[in-house]
Amino acid sequence: MSTVMKSRKASDIIVRHTEPEAVVIGVSAGGLKALSAILPTLPADYPLPIMIVIHLPPDRNSVVAKLFDDKCALTVREADDKEDILPGYVYFAPPDYHLLIESDRRLSLSSEEPVLFSRPSVDVLFETAADVYGEGLIGIILTGANPDGAAGLKQVVKEGGRALVQRPDQAYASAMPEAALAMSPQAESLTLEQIADELIKAVQV
Amino acid sequence: MPPKTEDIEIRLLLEAIFRKYHYDFRGYAMASIKRRLLQARDHFNCQTVSALQDMVLHDPGMMTAMLPYLTVQVSELFRDPLYFKAIREKVVPHLKTYPSLKVWIAGSSTGEEVYSFAILFREEGLFERTMFYATDINHDALKKAEAGVYSLERIKLFTENHRLSGGKGSLSDYYTAAYGAASFDKTLRKNVVFSDHSLATDAVFAETHMVSCRNVLIYFDRELQDRAITLFKGSLARKGFLGLGSKETLRFSSSADAFTDFAHDERIYQKRDVT
Ligand SMILES: C[S@@+](CC[C@H](N)C(=O)[O-])C[C@H]1O[C@@H](n2cnc3c(N)ncnc32)[C@H](O)[C@@H]1O
């Protein structure tokens, strides 16, 4: 197990022994704006893969990857089934499919039943990612009006990963970050700018 | 890192199911099947997956009860309407040049995809010359497919999908509604053979002009996907068509070279003339 000094403030020092390997993000209402404060700040050589579930009406969803690909230095895609997860790539779950992480570091899709009325489900992504990356995972919950992601983030923490949550008082919709913090009190509650900073700091040696 | 106990147990359970019942889930994508097996464990009140294995091995009725956890049965009529629109507009003109046709719908689940094809082929004047093979490993699903009865609540979505696929008449021409259910016209399945066939263990059974296998390969690992795609290659006549689910790809298969992209966005491929 890594040594984690549990903290809710970004200024506290966090000592970790495992290198981060991957980032997962779950976001719902107000998500495009929130992601716009984070993804475009990451440099082209950012070394971690980032997997994202955003709840959107199905027709909007498929243009999201394209939208961010234009705005970001990173390569942003909608996930294809069984593709290799590459460092520095951003993968969005496609409309109407769950996105899961396989132990051989590949992406999998599934059309099984919605979870908490959501497909894609943040919980499904986070739970499978926690299973594969364990302590090497950073899980992030941003704005949203439903509790999807809370159970998933709890699993990230349980497997030794790091949990970051957007400050509910700053979120466009506070229910999702509130639910996540309620289930994972040890998660760090931060502003979007602080989350973007933490993602950079996490990979500095 | 040593493997997690649960992962060992899941491998052993799948091995047990294969040895005892000859259902082969060993090459399935683990992330999704693991989630569903842990749900089964909880549903059957087992403390561990090993305890579930004990039940599965000693009670043959358990295999039937486990199938809904091992397979995913989500489907719609004209699911992804643009796929069916591409078949209608781009594939049908090629199929029209054949005097008789065979179409294989692999992983047909509860039949929605079969009725979509039957209706589309009827609208396009191909129905009478076509033989459809609808295959799946789930008996209950095959039975439901054969019955062709769906809850009326789903008809609104089906109707909209049918329209978006370029549907010619009204979907209501093809079913009768009674007691909250829509029964599809039985003449739609007069040229359909429903049968038990596994892409994981069975061989090619017929030469076909089109294979539609949608949202089945996503549950397989790359190796098993490759087996299935190689079966499709073996079954398809030269210049035959292969349609996959909207996020599935031939890209990782050793048989990829035998095909060309036919309708890229709709994931429809055509087998090459010479392979
Ligand atoms: C999600 S459904 C797809 C239904 C339909 N093709 C569609 O796209 O709407 C997946 C189906 O694949 C079937 N299946 C799973 N493993 C299979 C195998 N080895 N061989 C044939 N069918 C299989 C399942 O029983 C299930 O009915």
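List, in order, the whole-Hz ³J(HN,Hα) value for each residue of region A:73-81 obtained from phi through the Karplus relation with A = 6.51, B = -1.76, C = 1.60 and θ = phi - 60°; use x for Gly and Pro.
Running phi through 6.51 cos²θ - 1.76 cosθ + 1.60 with θ = phi - 60° gives 6, 6, 7, 10, 9, 8, 5, 9, 4 Hz.
I'd like to compare A:168-181, A:148-161, B:36-49: which one has the highest average count of other Cβ atoms within 10 Å, and what's the full order after that? All intermediate terms of the calculation are to be shown ahead of the outcome.
Working: A:168-181: 21.0, A:148-161: 24.4, B:36-49: 15.9.
Ranking, from highest mean packing down: A:148-161, A:168-181, B:36-49.
Under the rule of -39500 (n - 2.57) per DSSP H run of 4 or more residues, summed and divided by the residues of chain B, what mean residue ellipticity at 222 nm is obtained, to the nearest 500 deg cm²/dmol?
Rounded to the nearest 500, the figure is -11500 deg cm²/dmol.
Could you rank B:Lys247, B:Lys144, B:Lys186 by how accessible they are, 1.4 Å probe, largest area first?
On the way: B:Lys247 25, B:Lys144 120, B:Lys186 150 Å².
Descending order: B:Lys186, B:Lys144, B:Lys247.
How high is the relative contact order of region B:145-275, in percent, counting Cα pairs under 8 Å that sit 6 or more residues apart?
19 percent
What does the buried accessible surface come to for A and B, summed over both chains, with the probe at 1.4 Å? Round to 100 Å².
On the way: alone 9230 and 13190 Å², together 20340 Å².
It comes to approximately 2100 Å² buried between A and B.
Output the pairs from B:Lys102/B:Lys233; B:Lys102/B:Lys271; B:Lys168/B:Lys247; B:Lys247/B:Lys271; B:Lys96/B:Lys247 with a Cα-Cα distance over 22 Å in this structure; if there are none, say none.
The answer is B:Lys168/B:Lys247; B:Lys96/B:Lys247.
Which one, B:Tyr175, B:Ser32, B:Thr135, is farthest towards the positive end of the dipole of chain B when Lys and Arg carry +1 and Asp and Glu -1 on their Cβ?
B:Tyr175
If eta is 0.890 mPa s and T is 25 °C, what Stokes-Einstein diffusion coefficient results for region A:84-205, Kirkwood Rh from Cα pairs, in µm²/s?
On the way: Rh = 14.6 Å.
My calculation gives 168 µm²/s for D.
Need the per-residue list for region B:213-247: every residue with at least 10 Å² less accessible surface in the complex of protein chains than in the chain by itself, probe 1.4 Å, sorted by number.
Listed by number, the residues meeting the 10 Å² cut-off are B:Asn215, B:Ile218, B:Tyr219, B:Arg222, B:Gln225, B:Ser246, B:Lys247.
Do any residues of region B:21-39 lose at least 20 Å² of accessible area when the full set of protein chains is present rather than just their chain alone, and if so which, with a 1.4 Å probe?
The answer is B:Ala29, B:Ala31, B:Ser32, B:Lys34, B:Arg35.
Would you mind computing the Rg to Rh ratio of chain B from its alpha-carbon coordinates, Kirkwood style for Rh?
0.99
Hey, can you list the DSSP H helices of chain A whose Cα span along the axis is 15 Å or longer and whose average Kyte-Doolittle score is at least -1.0?
Both cut-offs are met by A:58-71, A:122-133.
Alpha carbon centre of region A:33-51 versus region B:22-89: separation in Å?
A separation of 35 Å, based on Cα centres.
Given A:Ala130, A:Ser36, A:Leu164, which one lies farthest toward the positive end of the charge dipole of region A:17-201, if we put +1 on the Cβ of every Lys and Arg and -1 on the Cβ of every Asp and Glu?
Checked the options; the winner is A:Ser36.
In whole percent, and with a 1.4 Å probe on the protein chains, what portion of the accessible area of the protein assembly as shown is carbon and sulfur?
So the carbon and sulfur contribution to the accessible surface is 53 percent.
In percent, how large is the relative contact order of region A:17-201, given Cα pairs closer than 8 Å and 6 or more residues apart?
Reported as a whole number, the value is 22 percent.
Which residue fluctuates most in the GNM of chain B (Cα springs below 10 Å): B:Ser172, B:Ser75, B:Ser255?
Answer for the Gaussian network model of chain B: B:Ser172.
What list of ³J(HN,Hα) couplings, whole Hz, do you get for region B:243-249 from phi and the Karplus terms 6.51, -1.76, 1.60, once you set θ to phi - 60° and write x for glycine and proline?
Calculated HN-Hα couplings, in order: x, 10, x, 5, 10, 9, 9 Hz.
Mind checking A:102-115 for the average number of partner chain beta-carbons within 10 Å of each residue's beta-carbon?
So the per-residue partner count for this stretch is 6.
Largest first, how would A:Asp123, B:Asp226, A:Asp69, B:Asp173 line up by accessible area (1.4 Å probe)?
Descending order: B:Asp173, A:Asp69, B:Asp226, A:Asp123.
Identify all lysines with a Cα-Cα distance to A:Lys33 below 20 Å; exclude those on the same chain that are fewer than 8 residues away in sequence.
The reachable lysines, counting only those whose Cα sits under 20 Å from A:Lys33, are A:Lys66, A:Lys71.
Give the distance, in whole Å, between the Cα centre of region B:252-275 and the Cα centre of region B:139-213.
26 Å
For region B:5-70, would you read off the P(r) tail past 16 Å as a percentage of all alpha carbon pairs?
Everything past 16 Å amounts to 35 percent.
Relative to 2.2 N^0.38 Å, what does the C-alpha radius of gyration of chain A come to as a ratio? Two decimals please.
Numbers: Rg = 15.0 Å, N = 205, 2.2 N^0.38 = 16.6 Å.
Scaled against compact globular proteins, the figure is 0.90.
Taking a probe of 1.4 Å, how large is the accessible area per residue of region A:17-201, in Å²?
On the way: 6510 Å² over 185 residues.
Here the residues of region A:17-201 average 35 Å² of exposed surface.
Per residue of chain A, what 222 nm ellipticity follows from adding -39500 (n - 2.57) for every DSSP H run with n ≥ 4, rounded to the nearest 500?
-8500 deg cm²/dmol
Enter the accessible area of B:Arg251 (Å², nearest 10), with the probe set to 1.4 Å and all protein chains included.
Taking all protein chains as shown, B:Arg251 has close to 130 Å².
With every protein chain kept in place and ligands, DNA and RNA left out, what is the accessible area per residue of region B:82-241? Probe 1.4 Å, answer in Å².
Averaged over the residues of region B:82-241, the accessible area is 42 Å².
The values are calculated or read from the model by the stated rules, or taken from the named source; none is laboratory data. Everything quoted here is computed from the prediction, not taken from an experiment. Heads up, the Cβs are rebuilt from the backbone with ideal geometry, glycines too, and the neighbour counts pull from every protein chain shown. For the accessible areas, the whole protein counts, side chains as well, though only heavy atoms, and no ligand, DNA or RNA atoms are used. Shrake-Rupley method; radii C 1.70, N 1.55, O 1.52, S 1.80 Å.
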